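One structure is given below, encoded as structure tokens.
Read-outs: derived from the displayed coordinates by stated rules, not from any lab. It should be emphasised that the depicted structure is a prediction, and the values quoted were computed from it without experimental measurement. Neighbour counts are summed over all protein chains in view; Cβ atoms, including those assigned to glycine, are modelled from backbone coordinates with ideal geometry.
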Amino acid sequence: MNNRKSAPSLYARFEHVVEQYCPDPLVFAIFLTAVMAVLALGLTDTTPAGAISAWGNGLHSLLAFTMQMCLIIITAYVLAHTRAINALLQALGKMPRSTWQAYTLVTVSSAIFSLLCWPLGPIAGGLIAREVALNAQRRNLSVNYPLLAAAAFGGFVVWEMGYSSSIGLAMATPGNPLESIIGGTIGVGDTLLSWWNLLTIVTTVATVLATVMFFHYRHQGRSSTAPAHRTEVTLSEEARPGLMGRLENGRSVSTLLSLMLFGFLIYWFATRGADLSLNIVNWSFLALGLLLANSSLHYAELFANGARVASPVLLQYPLYGGMMGLALQSGLTEKFTAFIISIASADSLPIIGFLSAGLINIFIPSGGAQWAIQGPTFISAAQSLDVSLPVITMSIAYGDQWTNLIQPFCAVPLLAVTGLKLREIYSYCIVICLASALPMMLGLLLAG
């Protein structure tokens with residue numbers, strides 16, 4: 001009888017290496033900063049003084065965005081802990097009757113939320129993954145919680161193909177910076193609503209789900225303990241007597257502010273149409289949370305708890321602002337893009353755009369900033385090589401969304417709501433990222 005243990009598979013060794021050596025997102029951000037500095041000093045004419053100045057001046061460039069992301073995490077956290085939304089999440093979590101249904105629900109729901117409004121994808125997907133994990137534990141389903149979270153993050157990979165696409169919507173907006181170059185705009189009918197983009201959405205989500213299910217069947221029997229269920233938050237202070245006590249512990253004050261916010265939102269949509277932005281999503285979450293909270297004090301205590309969850313964003317995002325400042329002001333990204341263009345042909349330009357955008361996105365995780373860098377050069381190259389402008393526009397958008405799956409900057413909100421560490425999901429995310437590249441490149445080739 002042979003009692004020798006079989007050698008671990010290649011992926012098992014890879015997974016072990018990732019779990020052992022994957023750094024905390026803060027350490028990852030510091031490492032990327034050092035890499036960016038070395039590249040800028042080595043490949044451009046930037047001096048050490050110029051590099052430190054560009055980095056320092058960029059630190060505050062994402063402060064508005066940082067505040068927006070903190071608010072969306074906190075207000076989503078508060079919503080999830082109100083009695084009504086908690087009941088809704090539990091109902092969603094009870095829907096899957098099998099492991100296949102559990103992974104499908106998390107992946108598809110995250111993708112749908114991401115297409116509608118990109119910040120909702122990892123937040124809503126992470127919250128649903130948490131509830132599905134709790135339900136699976138009650139039903140004795142063999143579900144891997146980190147894999148569920150990776151499935152939620154995987155659904156996020158299609159966000160630039162949908163309603164909140166920063167690049168697609170920018171090119172459809174009159175007065176955009178490239179309008180003079182192309183002699184007009186590129187409507188969403190030629191990009192976001194084109195047959196090839198819609199087909200690519202379906203094939204990409206299907207690929208993400210297939211990859212997740214591959215991991216599930218490969219790790220048959222592997223499961224993880226679901227996080228403890230949320231408990232009802234109680235106020236830390238006793239209610240004061242008198243009028244102030246009734247105002248603080250009643251619904252009247254929080255309801256008044258909620259109605260004011262809803263009034264603004266109604267006016268916004270009546271005058272702007274279905275125009276979603278981070279600010280509007282935040283005010284929507286705030287208004288709904290105030291309406292559903294037990295009192296203004298109840299909301300304030302939930303908000304304070306949510307602020308602790310969102311604290312990594314406050315610490316890490318300025319570092320990415322510094323990286324962006326260094327990359328932009330040193331001319332490093334422009335130099336890289338110019339080199340890529342010099343080796344491209346009409347057939348290869350969309351794929352080169354996709355791959356180069358994916359690489360740049362690791363250091364500049366902002367679709368708008370990335371398009372400002374790559375857009376003019378790639379649009380000009382597409383015109384000279386007679387390549388479809390909608391296709392080249394979406395090639396940069398696809399690349400921007402693609403490597404979000406391995407960018408800790410983008411994973412912070414999901415990690416915050418799931419309570420997981422980056423190393424617990426990162427090996428899955430790397431493989432999902434590699435697999436999702438295939439349908440996106442095929443979509444670009446079909447469109448071309």
Ellipticity estimate at 222 nm from DSSP helix runs (n ≥ 4, -39,500 (n - 2.57)) divided over the chain, nearest 500: -24500 deg cm²/dmol
Rank by packing, highest mean first: peptides 44-52, 72-80, with packing defined as the count of other Cβ atoms within 10 Å averaged across residues. 72-80, 44-52
Points 7 angstrom from Cα along the Cβ direction at residue 179 and residue 442: gap in nanometres? 3.8
When the charge dipole of the chain is computed with +1 on Lys and Arg Cβ and -1 on Asp and Glu Cβ about the Cα centre, the Cα farthest towards its positive end, among 197, 314, 447, belongs to 314
For mean projected area of the Cα convex hull in nm², the choices are [x] 43.9; [y] 39.7; [z] 26.1; which was calculated from the structure? [z]
Exposure proxy ranking, count of Cβ atoms within 10 Å, fewest first, for 425, 352: 352, 425
Dipole moment magnitude, nearest 20 debye, the chain about Cα centre, only Lys, Arg, Asp, Glu C-beta charged: 1540
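Tell me, 120, 198, 41 in order of fewest to most beta-carbon neighbours within 10 Å?
Numbers: 120 24, 198 14, 41 17.
Final ranking by Cβ density, sparse to dense: 198, 41, 120.
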Tell me the relative contact order for the chain as a rounded percent, counting alpha carbon contacts under 8 Å between residues six or more apart. 28
Looks like segment 397-439, by Cα gyration tensor root eigenvalues a ≥ b ≥ c and the a/c under 1.5 rounded cutoff (else prolate when a/b is bigger than b/c, oblate otherwise), is oblate
Kindly put 190, 386, 347 in sequence by how many other C-beta atoms sit within 10 Å of each C-beta, fewest to most. 386, 347, 190
Just how far, in whole angstrom, is segment 427-448 from segment 250-285 if you go by their alpha carbon centroids? 37
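Sorted by average packing, counted as other Cβ atoms within 10 angstrom per residue and highest first, what order do 143-154, 372-383 take?
For the peptides 143-154, 372-383, the packing ranking is 143-154, 372-383.
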